[in-house]
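Report on the following structure.
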C-alpha cells in the first residue's frame, strides 16, 4: 500500500495596511508619496511585479495608503513600505515614524474607519468613501484584487453604508461647512458677488467649497506650493494663481480657505497686511482648514481679517444643531462591532483548513498503522492508532510544562482547557454537560 501524501493547503490571507496620513506625516512627505492618476496603472503593474498584489492604493491629499492581504502580512507590509519609498524617491529614514504598518484586526479596524470617514480631517465627509471605491475599482481593472481582498473591501463599504444610514455623522461635515457659509453670509451678505481663494489641496476645504457654491459663491481661484495644485485647479474648473503671487491673489479674495497643512504658515501677518492695504481695508474671511494651521495667529490683530480655524467652525456647528461627538462615538462603536464580526468570520475560516488538515493527518496515520501492522485485529489496530495519534501532542505538552516558564505554563493551561472543550472530557466539560442537561 502506497503511503498517502499530505495535501499542502494555502495559508489564509490576512489583511495589512501601510500608509501615511495627515495624522502621521507632514504634507511634504504625503506630496512625495502621492501617486498621480496618470501613472496609477503603471504603479499597479509595478506593485504586481513586486509581489504585493492583491492590494489597492488610495492616494489623496490627506492620505496615501496601501491596503492588501497576504499569508504573511508583516513581511508584506515591510515590503510595501519599501515599495512606496522607492517609487517616491524617499529615504527609509524619512519614512520612519511617519508611515504606519498595521496587521490583521488593526488593519481591518483602520480600513473600516477610513471608509466611514472617521479618520478624515472633517469627520463624516462623504468624499473618502467615493475615493476608496474608485481606488478599488482601479485596482480590480489592473488585476491587483483577488476574492480575499475584494471581500475585505466590500465589508468596508458595507460598514460605511451602515454608519451613514444609521447615524447622522454625514450631517456633521455638512453642518461644519454650512456654519462656515453662515459666518461668510453674516459678514458679507449676498455671497454671489464675492470672490474666493483656495490655498492648498486638503479634502476638508473641498467640503467647504461645495457648500459655498450652493450658497452662490461660485468663483474660487486656487493656489498653493504643491506642484499638483495647477492640475487640480484645471480639473476643478478654477483659475490657477501662481503661489509666488500670493499677495495679489489674497488682495482679490473676500473668502480665503486654506488646506495646506505643511507645518509652516502659508499666510503671515506681513503678507496679509499688504493684501488688505491693496483691498483698501475691505474685510476678509479666512477659514484655516490646515492641520497644522496654515495661517499665523498674529493676523488676528488686523481689524479687517476674520480668521476661523476648523475647530472654531466646528464649535459653531455644534451649538444647538448636532452633537457631532456623539454621532462619531456611535459610528466608532459600529466599526468596533464590525471588526468583531470580521474576527469571528476569520476564526471560522481559519478553523476550516485546520480541521481538514487534522482529518488528513488522522487518515494518513490510520493508513500508516494498517500498512505497518496488516494482520492486526480491530482491537490492536485501534489501540496502535490511538497511541500514534496521541504521541506527538503528549510530547509537546510535556515539553511545554517541562520548560517551567510562566508563559509556557499559561499556554499549557489554555491548551488543556481547549482540549477538554474539543473532546468533551475533564471536569470543565462535565460541568458544561450538566448545565446543558439542566437547560433541557
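Each value in this text was obtained by applying a stated rule to the coordinates, not by laboratory testing. Everything quoted here is computed from the prediction, not taken from an experiment. Here Cβ is always computed from backbone atoms with ideal geometry, including for glycine, and neighbour counts include all displayed protein chains.
Couple of notes before you dig in:
- Once Rg and the Kirkwood radius are both taken over the C-alpha atoms of segment 187-246, their ratio Rg/Rh works out to 0.97.
- By average C-beta atoms within 10 angstrom, highest first, the peptides 237-245, 356-364: 237-245, 356-364
- Principal axis dimensions, largest first and in whole angstrom, of segment 172-318 by Cα: 36, 35, 31
- Cα centroid separation - segment 117-185 against segment 228-296, whole Å: 28
- In terms of surrounding Cβ atoms within a 10 Å radius of their Cβ, 31, 86, 348 rank from fewest to most as 348, 86, 31.
- With both labels modelled 7 Å from their Cα along Cα-to-Cβ, the residue 282 to residue 423 distance reads 8.7 nm.
- Potential extension, residue 141-residue 386 segment - 0.36 nm per residue separation minus Cα distance: 82.9 nm
- With the helix formula -39500 (n - 2.57) applied to DSSP H stretches of n ≥ 4, the chain reaches a computed 222 nm mean residue ellipticity of -19000 deg cm²/dmol.
- Evaluated over the chain, the Cα radius of gyration and Dmax, each in Å: 29.8, 109
- For the chain, DSSP calls about 45 percent of its internal beta bridges antiparallel.
- Nearest 10 degrees, 0 to 90: helix 40-49 Cα axis against the chain principal axis: 20
- Counting other Cβ atoms within 10 Å as a rough exposure proxy, the listed residues 228, 392 run 392, 228 from fewest neighbours to most.
- Working from label points 7 Å from Cα in the Cα-to-Cβ sense, the residue 227 to residue 303 distance is 4.6 nm.
- Divided by 2.2 N^0.38 Å, where N counts the residues, the Cα radius of gyration of segment 146-216 comes to 1.55.
- Nearest-ten-degree value, helix 378-403 long axis tilted from longest Cα axis of the chain: 50
- Taking the C-alpha atoms only, the angle from helix 406-423 to the longest principal axis of the chain is near 70 degrees.
- For residue 343 and residue 377, a Förster radius of 60 Å and the Cβ-Cβ distance give a FRET efficiency of 0.80, rounded to the nearest 0.05.
- Ranked by the mean number of other Cβ atoms within 10 Å of their residues, highest first, the peptides 285-296, 196-207, 379-390, 134-145 fall in the order 196-207, 285-296, 134-145, 379-390.
- Entry note, the chain: relative contact order of 14 percent, from Cα contacts under 8 Å with a spacing of 6+ residues.
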